[in-house]
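What follows is a set of notes on a single structure, which appears directly below.
The values are calculated or read from the model by the stated rules, or taken from the named source; none is laboratory data. As the structure is a computational prediction, the values presented were derived from the model and not from experiment. Every residue, glycine among them, receives a Cβ derived from its backbone with ideal geometry; neighbour counts consider all protein chains shown. These accessible areas exclude ligands, DNA and RNA; they are computed on the full protein's heavy atoms, side chains included. Shrake-Rupley method; radii C 1.70, N 1.55, O 1.52, S 1.80 Å.
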Amino acid sequence: MLYPENDYVQMHAIHFYGISEPYGFLSNFFGAPMVLDGTTWPIVEHDFQAQKFADLAKQAEIRAAPTRGKAKKGVWAPDASIRADWATTYILMRHGDDPEEAMVQAINDTRDNDTIAALVGAAVGALHGSHAIPERWNRGLLGRLGTDDDGALWWLLEETRYQWNFGPESLHL
């Protein structure tokens, strides 16, 4: 339950998880075509799955899938390059409570891993703080911005802290 403390919400919630339920016509899986921006989709689920991709050819492939199951299966095909925002959201939903696992998944299990790892890292850092980053990942970092400037990053962070009047508790370096 999303709001167990709120009886009113529970009593008046509309559930449409299955197409055979009273409000099933609101489900992504309801068997009615949908037209969006001049494009006809077999059902809402086809569009939902296709929007995970920026590639229009991939979207057309999903739109042409004969069933919702095949539309979804096409998303997880080995050649699929899912948009970074979708991949980030998926990783955070599955591993947001474990910053290390979230980062490992972002780095190892995505194609656009530099972008996705940056997004996941920012999110888990904001959610859990710098103390959640394993110490072994920080050990030996030189803080370089170029090839011969050891410590430049740490200096830049300290300058930023000073310029913006962040106290020592604001940034944990």
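The figures follow:
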| read-out | value |
| --- | --- |
| First in region 20-44 and more than 18 Å from GLY69 (Cα to Cα), second anywhere and polar (S, T, N, Q), Cβ under 9 Å, 6 or more apart | GLU21/SER27; THR39/GLN59 |
| Selection status of ASP79, modelled with pLDDT under 80 and open to solvent by 50 Å² or more (accessible area, probe 1.4 Å) | yes |
| Any helices (runs of 4 or more DSSP H) falling wholly within region 84-141 and containing at least 3 residues that are closer than 25 Å to TRP155 by Cβ, modelled with pLDDT of 90 or more and open to solvent by 30 Å² or more (accessible area, probe 1.4 Å) | 113-128 |
| From the options PRO33, PRO42, residue that is open to solvent by less than 80 Å² (accessible area, probe 1.4 Å) and modelled with pLDDT of 90 or more | PRO42 |
| Test for LYS58: is it part of a helix (DSSP H, G or I) and surrounded by fewer than 18 Cβ atoms within 10 Å (Cβ to Cβ) | no |
| Top-ranked residue in region 5-29 [being assigned to a loop (DSSP other than H, G, I, E, B) and open to solvent by less than 80 Å² (accessible area, probe 1.4 Å); ranked as modelled with the lowest pLDDT] | ASN6 |
| Residue check for GLY167: more than 30 Å from GLN49 (Cβ to Cβ), touching a helix residue (DSSP H, G or I) at 6+ places or on another chain (Cβ under 6 Å) and either of a type in the set (S, T, N, Q) or at pLDDT below 85 (or both) | no |
